[in-house]
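For reference, the structure is listed below as structure tokens.
The values are calculated or read from the model by the stated rules, or taken from the named source; none is laboratory data. All figures in this text were calculated on a predicted structure; none of them were measured in a lab. Ideal geometry is used to build each Cβ from the backbone, glycine not excepted, and the neighbour counts take in all protein chains shown. Remember, those area values only see protein heavy atoms, side chains included, never the ligands or the DNA or RNA. Shrake-Rupley method; radii C 1.70, N 1.55, O 1.52, S 1.80 Å.
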Amino acid sequence: MFIGTDRLTHTYMPGTPYAKKALDNVSFEIKQGGFALVIGRSGSGKSTLIQHLNGLLKPTSGRVFFDGHDLGQKGNELLKIRRKIGLVFQMPEELFFSETIFDEIAFAPRNLGLEETEVQTRVIEALEEVGMEAEQFIDRHPFQLSAGQKRMVALAAVLSLRPEVLILDEPTAGLDHSGQKILFKLLASLNKKKNMTFIICTHHLDQVAALADQVLVLQEGRLVMDGFPQKIFGRRSQLIKMGLSPPVTAEIMADLAERGLDVRSDIFNLEDARAEINRLRRHRVK
Ligand SMILES: Nc1ncnc2c1ncn2[C@@H]1O[C@H](COP(=O)(O)OP(=O)(O)O)[C@@H](O)[C@H]1O
Ligand SMILES: [Mg+2]
């Protein structure tokens, strides 16, 4: 198993009147280089799950695995493992605390005890990875940036650790459409070029569904679906019943099918939808 859980259960404030079982017996596996989406209504346990995946939370029962290690193991192994699993929180820029973009990104590599020259290399590399020219940005105050740029700096701050797995909690929250597009394009390229594994909680399925090769659906702390996007997004009515919105393209295809057109129902990205509609048009012209 590359990264995943075995019967993971998490109860907040156990033994108190406020006890809340946020995860209930969750087991799954994500392969190296995979791109997994975690979806579910607000309160379904997404954030709790991903905090377990880099060891920030401890299981009430069950286990979390990464690359052959049990994250619950004693000793300082966990710290080593955690470096390889980068976690970008929801609205990460709210946690900025440095005076310059350089220091913000340098924080984690400095914490590793790396030499300052190595830290500098990492900062510049990370900024370039997110498409920001280092020279232009390193001395600026993080708050002088646009929302989209701040998000990129937050991402660079995690990339500076050169993680193997990148976990992002609602990475597009608060970004406009073009900011979302730029971010997802970047994630797709990191996934392809560096074989970095991605685990993303998101509501913006339209842009990200096409990148994914696995979708996990949480409902009240239970993992109710786990599979290829085609399979999961094909279960439109079940998703809608759970209060989730399938990708808009899936809705359009379903709508066309309802009108009696012979279209595929397993489409959830714009390119496939365009191809399918073109196929229909050619068919009609004949
Ligand atoms: N720190 C916490 N203390 C107590 N309950 C929490 C805490 N964090 C989350 N919860 C509860 O656990 C459940 C799952 O929350 P969360 O993992 O944040 O869901 P999601 O990210 O899907 O919105 C919710 O009922 C939430 O209220
Ligand atoms: Mg959440």
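Residue by residue through the range 146-161, note down the ones that are in a loop (DSSP other than H, G, I, E, B) and open to solvent by 20 Å² or more (accessible area, probe 1.4 Å). Within the range 146-161, Ser146, Leu161 qualify. When you check Phe143 against the structure, is it in a helix (DSSP H, G or I) and over 30 Å from Leu78 (Cβ atoms), yes or no? It is true that Phe143 is in a helix (DSSP H, G or I) and over 30 Å from Leu78 (Cβ atoms).
Can Phe35 be described as touching a helix residue (DSSP H, G or I) at 6+ places or on another chain (Cβ under 7 Å), away from ligand 2 (no atom under 13 Å from the Cβ) and assigned by TED's automatic domain parsing to the domain that holds Lys193? Yes: the conditions hold for Phe35. Taking (1) in contact (Cβ under 8 Å) with a residue 60 or more places away in the chain; (2) out of contact with any strand residue (DSSP E or B) (no Cβ under 9 Å at 6 or more places or on another chain) in turn, Ile105 satisfies each apart from (1). Each residue in the range 162-178 was checked for being away from ligand 2 (no atom under 16 Å from the Cβ) and either in a helix (DSSP H, G or I) or open to solvent by 40 Å² or more (accessible area, probe 1.4 Å) (or both), and 5 of them qualify. Listed by position, the strands (runs of 3 or more DSSP E) inside the range 27-103 whose residues that are of a type in the set (Ser, Thr, Tyr) number at least 1 are 61-66.
The single condition among (1) assigned by TED's automatic domain parsing to the domain that holds Gly148; (2) without any contact (Cβ under 8 Å) to a residue 24 or more places away in the chain that Gln207 does not meet is (2).
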